[in-house]
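Here is the structure we will look at, set down as structure tokens.
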Amino acid sequence: MMQRVNKNVVLAVLTAASTLFLVFQLYYYKYYISVKNGPAFSKLKGSLSARDNTHWRVVKTFLNLVSNHNVPVFLIDSQILGLVSKDLELLKSSPDNLPPRCQYFCKQRDITTFGLLDRIWEQKGNIFRAAEKLGFQWQKYDGRDPRLEGMEDLSGTEIPLHYIFKMAAHTIHLVVFYERSGNYLWHGPLRLKRNMDKKFAPFRKLQLGRYAGAYSSTDLIQITVDGLKVKIPRHPSQFLSDVSHSRFLECRYKEARSFFKLYPDDTSLEGIEFRKKAKALLHVAASTLDSLGVSFWISSGTCLGWYRQCNIIPYSKDVDLGIFIQNFKPDLVPAFQKAGLPLKHKFGKVEDSLELSFLGSDDVKLDIFFFYEEENYMWNGGTQAKSGKKFKYLFPKFTLCWTEFLELKVQVPCETVDYLEANYGKNWDIPVKVWDWKNSPSNVQPNGVWPIDEWDEVIQLF
């Protein structure tokens, strides 16, 4: 009898303890977790696991926060935007026809990425205090304003580049985009300064911020995704394409100033006029190639001028562009002629050493060199018209980055120093005004002679 009583007592005590623990958990959630995570943690239609639901709730809280403070953020998360892009027409026309389950924001992930257009963000103060009240932790990451780096007195001025908001083990990465004079959007790199908490967020997993990036300007549209109103780029597939090759290199203004202290700039009327004409020619060339969908980069002396002195070299007398041969299009020549740039010469052929030269106003030339890729190197060709001799210019393999040059968004080799050293040697930073295209380049080598019966095709002068 005694044992039976003891068992009942023990059972009652355990039951009471379990009940108290459950009550404590409910109290803890209601008065701590729910307050910390914000009032926006309401239920979403459909069956969601508690773990998956957390991501949706944090995003909803963030979107409510920015909406209440008129902060015009837009979704740029590659994973989510890729899914949205596939269903875009349905989401725009009849979002209610989609399955009720959470398809986009509820997948397991540590980070969701949004963008912010700085030019339309007016109220920058209260949002951070409001974020803290909702339970967000946040950090701001500043960097130099590249738009002012060319002005020595304003060099070093800092602007906000990235924000990190963190709640319930989920991170919101907010990337600030700025409009640049080349009519494109730019974001800076995310750099942790001394004494910053390196464990505040999973920085290595961030989609953007390792490098600065450049993107086509875009309009925004609003759609409803998983019950959330969110803005996205009007053409998300184009934005996603930009992300894959967005790396941006800034002009080296500090080094350019040092260069001009050693070698004073040409401020003569002739030098100023040439730069003006070369800039206009580059803009026409870029517009023409862009209309054809042909990717290009500034090459040779034009690339050297950008990297060394952030400007056209006044004694170069031409503008040089590079194009990979696989991007050649037969209507390229007619397009340039229609743009007012007649063909001056055509050397080589598509299969070997193609080179085109167009004549701009006042005898300023546009030279286009086509590059061929081998297993271990890249090369472009050259032809001597009077002899039919062929030349080959070897470059280490390179990739392409964006930059801003003469108020234009253009591409340059990412491995710029290697590219310039191949062409101009280790002393590329020392001006050389006398240049022989057949002998002066460090990377030139003989490449045979064109057969005489091919001259009419491979050596054309106009």
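The values are calculated or read from the model by the stated rules, or taken from the named source; none is laboratory data. Computed from a predicted structure; not experimentally measured. We place every Cβ from the backbone using ideal geometry, glycine too, and count neighbours over all the protein chains shown. Heavy atoms of the whole protein, side chains included, go into the accessibility calculation; ligands, DNA and RNA do not. Shrake-Rupley method; radii C 1.70, N 1.55, O 1.52, S 1.80 Å.
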Practice problem: Hey, can you find the accessible area per residue of the chain for me, probe 1.4 Å, expressed in square angstrom? | Solution: 53
Quiz item: Roughly how big is the chain's charge dipole about its Cα centre, with Cβ charges of +1 (Lys, Arg) and -1 (Asp, Glu), in debye to the nearest 20?
Solution: 2940
Quiz prompt | For the chain: relative contact order, % (alpha-carbon pairs under 8 angstrom, 6 or more apart) | solution = 11
Quiz item: Ratio of region 195-239's C-alpha Rg to 2.2 N^0.38 Å, to two decimals?
Solution: 1.61
Quiz prompt | Theoretical ellipticity at 222 nm over the chain - DSSP helices of four or more residues, -39500 (n - 2.57) apiece, nearest 500 | solution = -9500 deg cm²/dmol
Practice problem: Run the accessible area of the chain with a 1.4 Å probe and give the carbon-and-sulfur part as a rounded percent. | Solution: 52
Quiz item: Can you flag which of Lys279/Lys426; Lys92/Lys231; Lys140/Lys254; Lys166/Lys198 are past 19 Å Cα-Cα?
Solution: Lys279/Lys426; Lys140/Lys254
Quiz item: When the gyration tensor of region 117-232 is built from Cα positions, what are the square roots of 5 times its three eigenvalues, in whole Å, from largest to smallest?
Solution: 24, 20, 14
Exercise. With only Lys, Arg, Asp and Glu charged, each at its Cβ (+1 for the first two, -1 for the last two), find how big the charge dipole of region 101-206 is about the Cα centre; round to the nearest 20 debye.
Key: 740
Quiz item: Expressed in whole Å with the largest first, what are the equivalent ellipsoid semi-axes of the chain derived from the C-alpha gyration tensor as the square root of 5 times each eigenvalue?
Solution: 59, 24, 21
Quiz item: Which of the listed residues, Ser258, Gly213, Phe274, is farthest toward the dipole's positive end in the chain, when Lys, Arg count +1 and Asp, Glu count -1 at the beta-carbon?
Solution: Gly213
Quiz prompt | Listed residues Thr224, Gln460, Trp297: farthest to the positive end of the dipole of the chain (Cβ charges) | solution = Thr224
Quiz item: What Kirkwood radius, in Å to one decimal, follows from the Cα pairs of region 164-312?
Solution: 19.1
Quiz item: What is the distance in Å between the Cα centres of region 386-432 and region 217-264?
Solution: 24
Practice problem: Note down the magnitude of the dipole of region 275-417 about its Cα centre, charges +1 on Lys and Arg C-beta and -1 on Asp and Glu C-beta and zero elsewhere, to the nearest 20 debye. | Solution: 500
Quiz item: Among the listed pairs Lys317/Lys433; Lys86/Lys107; Lys317/Lys349; Lys276/Lys338, which are separated by more than 20 Å between their Cα atoms?
Solution: Lys317/Lys349; Lys276/Lys338
Quiz item: Using the reciprocal of the averaged 1/r over all distinct C-alpha pairs, how large is the Kirkwood radius of region 307-385 in Å?
Solution: 13.8
Quiz item: Near Ala285, within a Cβ-to-Cβ distance under 12 Å, what is the net charge of the other residues, with Lys and Arg +1 and Asp and Glu -1?
Solution: -2
Practice problem: Let me know the Rg and Dmax you get for region 237-303 when you use only its Cα atoms, in Å. | Solution: 16.2, 47
